[in-house]
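Enquirer: This structure is in structure tokens; I'll ask about it shortly.
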Amino acid sequence: MIESNWKGPILSESRASGGDAAGGTESGSSSTTANFGAAFLNQLHAVDAADLTAEEAESIAALPSGSALLIVRRGPSAGSRFLLDQDESVAGRNPDADIFLDDVTVSRRHASFDRKGIHFSVKDLGSLNGTYRNGEIVESAPLSDGDEVQVGKYRLTFFSSRVDLAATLANGSN
């Protein structure tokens, strides 16, 4: 039985033989990934990015150029923050992932957050449950300040460096 804080429709389980949807295998790791039902996905709604704590706002304000921050808004580790300061950061259930999201709804290598200059994008890595930006399933999509990314039951809000955001807005482009 899968335990969850979610009180809506229950998830279904899928067992991958020898690995997850991305084809990975790990000894000692569960090979079960829960799959969201359509009713659950239809009930999702965005978390207001303005609901920041003072500490979160300070962290965002302190971001250097070329970096960004993901804040877990909903999920098992709500409030956790992940700094994006590499050209690629992989999110997944694998303990060696750059962004470790420990839940059966997350594939071992679920999604990557990619940086090109000051611009970021998210890319699904063949996960069972998919990767969502602002409630829409995506294979790959650019990220803008305040976008919500869903990986399994985790909902993360993306925040750009304020230095880069100001430069982007001054130039009139995303």
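The values are calculated or read from the model by the stated rules, or taken from the named source; none is laboratory data. The shown structure was predicted, so the numbers you read here are calculated from the model rather than taken from an experiment. As a convention, Cβ positions derive from the backbone with ideal geometry for all residues, glycine included, and neighbour counts pool all protein chains shown. Ligands, DNA and RNA are excluded from the accessible area calculation, which covers all protein heavy atoms including side chains. Shrake-Rupley method; radii C 1.70, N 1.55, O 1.52, S 1.80 Å.
Enquirer: Take the residues in the stretch 136-174 that are without any contact (Cβ under 8 Å) to a residue 24 or more places away in the chain and among the hydrophobic types (A, V, I, L, M, F, W, C), then tell me which one is farthest from GLY75 (Cα to Cα).
Expert: Among those residues, the one meeting the criterion is ALA170.
Residues checked against (1) open to solvent by less than 40 Å² (accessible area, probe 1.4 Å); (2) assigned to a strand (DSSP E or B):
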residue	(1), (2)
ALA91	yes, yes
ASP96	no, no
ASP102	no, no
VAL106	yes, no
ARG109	no, no
GLY126	yes, no
ASN129	yes, no
TYR132	yes, yes
ASP164	yes, no
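Enquirer: I'm trying to understand the selection: among the residues of the stretch 70-83, which are aliphatic (A, V, I, L, M), out of contact with any Ser or Thr (no Cβ under 6 Å at 6 or more places or on another chain) and either outside any loop (DSSP other than H, G, I, E, B) or farther than 24 Å from SER161 by Cβ (or both)?
Expert: LEU70, LEU83
Enquirer: Right, GLU136: over 27 Å from ASP51 (Cβ atoms), more than 12 Å from the chain's Cα centre (by Cα) and open to solvent by 80 Å² or more (accessible area, probe 1.4 Å) or not?
Expert: Against the criterion (over 27 Å from ASP51 (Cβ atoms), more than 12 Å from the chain's Cα centre (by Cα) and open to solvent by 80 Å² or more (accessible area, probe 1.4 Å)), GLU136 does not qualify.
Enquirer: Continuing with this model, one more query. Looking at the structure I just gave you, is ASP145 surrounded by 15 or more Cβ atoms within 10 Å (Cβ to Cβ), touching a helix residue (DSSP H, G or I) at 6+ places or on another chain (Cβ under 6 Å), under 29 Å from LEU169 (Cβ atoms) and not β-branched (Val, Ile, Thr)?
Expert: yes
Enquirer: Let me ask something additional. Would you confirm, using the coordinates I've provided, whether ASP85 is open to solvent by 40 Å² or more (accessible area, probe 1.4 Å) and over 18 Å from ARG155 (Cβ atoms)?
Expert: For ASP85, the condition - open to solvent by 40 Å² or more (accessible area, probe 1.4 Å) and over 18 Å from ARG155 (Cβ atoms) - is met.
Enquirer: Taking the residues in the stretch 115-124 that are surrounded by 18 or more Cβ atoms within 10 Å (Cβ to Cβ) and not β-branched (Val, Ile, Thr) as candidates, determine which candidate is farthest from ALA61 (Cα to Cα).
Expert: For the stretch 115-124, the residue satisfying everything is ASP124.
Enquirer: Condition (residue is over 10 Å from the mean Cα position of the chain (by Cα) and either surrounded by fewer than 20 Cβ atoms within 10 Å (Cβ to Cβ) or not in a helix (DSSP H, G or I) (or both)) applied to the stretch 150-160: is it met by at least one residue?
Expert: yes
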